[in-house]
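In what follows, a single structure is set out as C-alpha cells and then discussed.
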Amino acid sequence: MPLFIRASHPSVNGEVPMKAMRVPELGTQTIQSVVTSIRETMEAPNKPANLLEWLALLTTGYLPDPEQEKDENSYYDYPSLKPAVWHWEIVWYFYFGGLAAGCYLLATLASVFGSDEDKKALRLGYYLSMLAFLPCPPLLIKDLGRPERFLNMMRIVKVKSPMSMGSWSLAAFGTFAGATLVSQGARDGLLGKWWGARLIARFPQKLITIPGSFAALFLGGYTGVLLAATSNPLWSRSRMMTAMFFPSAMSTSTALMSTILRFIRTPASVLHKLEKLEWINMIVELISMLTFLRQSGRAARPLVGTGPKELGPTFWRFMFGGGLVLPWFLQTFMLSRHKKHEQKAAKAKKNNKQSGKSKHFEPMSLFVSLLVLVGGYFLRKTIVYAGHESSKDARTTFWNARR
C-alpha cells in the first residue's frame, strides 16, 4: 500500500485540495517499490536536506513546500490563535505529575499482585510518589501567577473542563498519596511505637491505595487530555496524546524506582521484573508516538522539523533517539542476556551445579534508566514549546480547522 505526502495547492474557489506524492513505507511495500518511492522523493525540488528531515518526512508523511503554502488562505499571516503562556513550570509540573502517578501505580500493583519480595521492595513507590507530588502544586500556582486562581478552580466542579478536572484530580491524588504515605510509614515503623501508629498500621491499606490508583490513572493521562482539548494544531490534531503521555509516565517511574533500588541492593528478581515492565512501556510509548506523528502530519512540523525555531534536533536526539529508541534496544539486549542466564542457572540447578549469581548493580541498566528519565523530560519540554510555535502558524491553523 503506498504512502502519500500531503502538499497544498490553491484552487480557483479558494479551497485547498491535497496533492499526493509517494514516499517509502517500510514493511508494506516491496523492495522495488520502496526504491522507486525514494528515488521520486530524491528528485523532488524540496527533498529533505538531512537525516533529521528524512525522519520527519517518514514519520509524519508530510513534505513542506513553502512556495505553495504561501498561496494558502490566511489573514496577512497574523496568528489566529493566542499562544499558551506555559513555560518551564508546566514542563516540570507534567514531569513530576507523571512520576508521582506512575510510582504510586507500581507500588499498588506490587502490593496487590506481587510476591512478598516485590511488596517489600516496591513499597518505596509510595514514598517516591509523595516526593514527586510535592513540587506539583507550587509549580502550578506559580504558572497561574496568583495563588487565589488555584483556589478559584476548587470552588466548583466542571466535568467538561480539563482545567477543573485536573485541579480536582491533583487534590484527590495528593490526599490519597498523603494518607498512603502515613499508612506505609506506620507499617515501616517510622512513626514510632505509640498506640496511634499501631492503630494506623492495622488499618487495611488497600482501602486507600485502590481508590488512590484511580486518581493516579487520571493524573498520569490527564496532561494529554489537557493539551488535546485546545485548538493548537500540534496538540489537538491527533487523539494519541494521552496514549503517549501515560506510558511515558510509567516508563520514567519504573526507571526512577529501578535506579534507586539498585543502590540499596534489591534482589535481582525484582529488578528484572521492573526491566521487563520498563521495556513494555517503552514499546507502547514508541508505537503511540509514531501513531501520533503520523496522525498529526503537517501539524507536527514544529516538533520534528529542523527549520528556524523548530524543535526537531532536540526531539530526535534527546527524546526519540537518546531517550526512547536507544534505551529500548539496550533493554532488549539485557533482557535477552538475563534470559540466557536464567536458562543456564536452571540447567546448573538441575545438574546440582553452582551458577553465577545475578548482579544487583549493573552499569548498563543504570545507564538505560537515566536515558529514559531524560527522555521523559524532553518529551514534555518539546511538546510544550513546539506547541508555542504551532500556534503562530496561521496557515496550519486554518488547515487543521478544515478537518
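Derivation of every value follows stated rules applied to the coordinates shown; laboratory data play no part. Predicted, not measured: the structure shown is a model, and the values here were computed from it. Note that each Cβ is placed from the backbone with ideal geometry, even for glycine, and that neighbours are counted across all protein chains shown.
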From the backbone phi of the stretch 119-132, what are the Karplus-calculated ³J(HN,Hα) couplings (6.51 cos²θ - 1.76 cosθ + 1.60, θ = phi - 60°) in whole Hz, Gly and Pro given as x?
-> 4, 5, 7, 7, 4, 4, x, 5, 6, 5, 4, 5, 5, 6
Taking the Cα centre of the stretch 142-301 as the origin, how large is its charge dipole in debye, to the nearest 20, when only Lys and Arg (+1) and Asp and Glu (-1) carry charge on their Cβ atoms?
-> 200 debye
The stretch 48-163: radius of gyration over Cα atoms, expressed as a fraction of 2.2 N^0.38 Å = 1.67
Relative contact order of the stretch 174-240 (C-alpha contacts under 8 Å, at least 6 apart) in percent is 25 percent
Considering the options THR108, CYS136, PHE150, tell which one lies farthest towards the positive end of the dipole of the stretch 96-155, charges being +1 on Lys and Arg and -1 on Asp and Glu at the Cβ, about the Cα centre.
-> PHE150
Length gain on complete extension for the stretch ILE264 to PHE329, per 0.36 nm per residue less the alpha carbon to alpha carbon distance?
-> 20.8 nm
Nearest-0.05 FRET efficiency for ARG317 and PHE398, computed from C-beta distance (R0 45 Å) = 0.90
